[in-house]
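Report on the following structure.
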């Protein structure tokens, strides 16, 4: 199927690091984002002041912190428009009521502004500096901040990020669910399974059978991404059909409204999304290993009922005291790591260097430095490498590299 791209939904974006005067009322009460002349690339040079509806966000990497957001507005104008003898100078002001979000930030934190298509307003996103969410957003919008200078661009279709699993994971943080055309295979899926979800292994097999994917032997990195993107698209569209059908039936029985039933259904939808993605990732990773005839044990048990997602060559070898431990390999699998990557450290004690494969883009340098210190090697599909900084990319291992490592150990 043809996936959407970010340029289908956004005109452009710009980013900069905040200064004290922009966010501290003791320094200034102007409610102005300064140093944004580069933003003319996507906000334009209008003759009159423009007021944009804007959604403000404060985002952090903390798992126990919900994003802070609110609706307000920004204005963009040439403050010298009535003085023809002076060159244009455009200013970007934010509404006073948005202080509740803006003043969460500190000097040096990131400000990213994205303009939606069809004059649908702005996203005004603030994040702590040097965090995963900051790195992800800069990657998503293709922005490169150097020093104190702002970066801005119009999103060109040939340079825009494809809205696959990794990109959508970042957009999910903002509560953005962008619609795209139904996959060609959706009709086949509905004919075969109706308005119900197939077992996860069957769903993943169906996705691999109907995806326009790379060969897992020639390019396991691209194949893994293609399979996940395709299954994610199939799942989202199937879910819409199932949820729409359930909502049509309603949650009322005569005069009574089944509030508990509605809440249970809603929670089930959310939980299914989370668990299904993890199962699908595991199924597709295992399909790569099957394609390469790699001996392995999925959901192995090592110590105290703990065990990695994948153990190579298997449990028997792991528990065999005479087996060379240098030939043992383990692999954890998480669609996103956050702080949960540390769980892998408690698995397979006999294997000193752990491996963890993820689809999470742009994990911060601080996090990957901790992983290195703990002897945990991060494995990332090659198409997601661009979300990591150059220094991180030198350390990362791709799926092909991991496959080669295990095959070499298995002779």
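Each value in this text was obtained by applying a stated rule to the coordinates, not by laboratory testing. In this text the structure is predicted, and so the values were computed from the model without any measurement. Virtual Cβ from ideal backbone geometry, glycine too; neighbours counted across all protein chains shown.
Label separation (residue 374 vs residue 324): 2.9 nm, computed from points 7 Å beyond Cα along the C-beta direction. For residue 246, project a label point 7 Å along Cα to C-beta. Then give me every residue of segment 260-289 with its amide nitrogen under 12 Å of that point. Those under the cut-off are 261-273.
Given a Förster distance of 25 Å, report the FRET efficiency between residue 89 and residue 144 from their Cβ-Cβ distance, rounded to the nearest 0.05. Please report the intermediate quantities before stating the final value.
Values: r = 25 Å, r/R0 = 1.00.
According to the calculation, E is roughly 0.50.
Can you match log10 I(q)/I(0) by the Debye sum over Cα atoms at q = 0.09, 0.12, 0.14 Å⁻¹ to one of these, [x] -0.66, -1.06, -1.28; [y] -0.57, -0.99, -1.28; [z] -0.83, -0.96, -1.11, based on a calculation from the structure here? Recomputing log10 I(q)/I(0) by the Debye sum over Cα atoms at q = 0.09, 0.12, 0.14 Å⁻¹ here gives the entry labelled [x]. For the pair residue 99 and residue 256 in one chain, pulling the backbone fully straight at 0.36 nm per residue adds 52.3 nm over the alpha carbon distance.
Residue separation of residue 365 and residue 21 scaled by 0.36 nm, minus their Cα-Cα distance, works out to 121.0 nm of gained length. Each label point was placed 7 Å from the Cα along the Cα-to-Cβ direction; for residue 205 and residue 345 their separation is 3.9 nm.
I need the peptides 262-272, 326-336 ranked by packing, meaning the mean over residues of other C-beta atoms within 10 angstrom, with the highest value on top. All intermediate terms of the calculation are to be shown ahead of the outcome.
Values: 262-272: 11.7, 326-336: 19.3.
Going from most to least packed, we get 326-336, 262-272.
How much of the DSSP bridge set in segment 6-173 is antiparallel, in percent, rounded to the nearest 5? Bridges in segment 6-173 that DSSP calls antiparallel: roughly 85 percent. In the chain, the DSSP beta bridges split such that about 75 percent are antiparallel, to the nearest 5. Centre-to-centre, using Cα atoms only, segment 307-357 and segment 110-183 are separated by 35 Å.
Full extension of the segment from residue 315 to residue 353, taken as 0.36 nm per residue of separation minus the current Cα-Cα distance, would add 11.9 nm. Under the criterion of Cα pairs below 8 Å and six or more residues apart, the relative contact order for the chain equals 15 percent. Under 13 Å from a point placed 7 Å out from the Cα of residue 303 along the Cα-to-Cβ direction: which residues of segment 345-367 have their backbone N that close? 345-353, by backbone N distance to the label point. Here the label points at residue 187 and residue 271, each 7 Å from Cα along the C-beta direction, are separated by 3.6 nm in the simple model.
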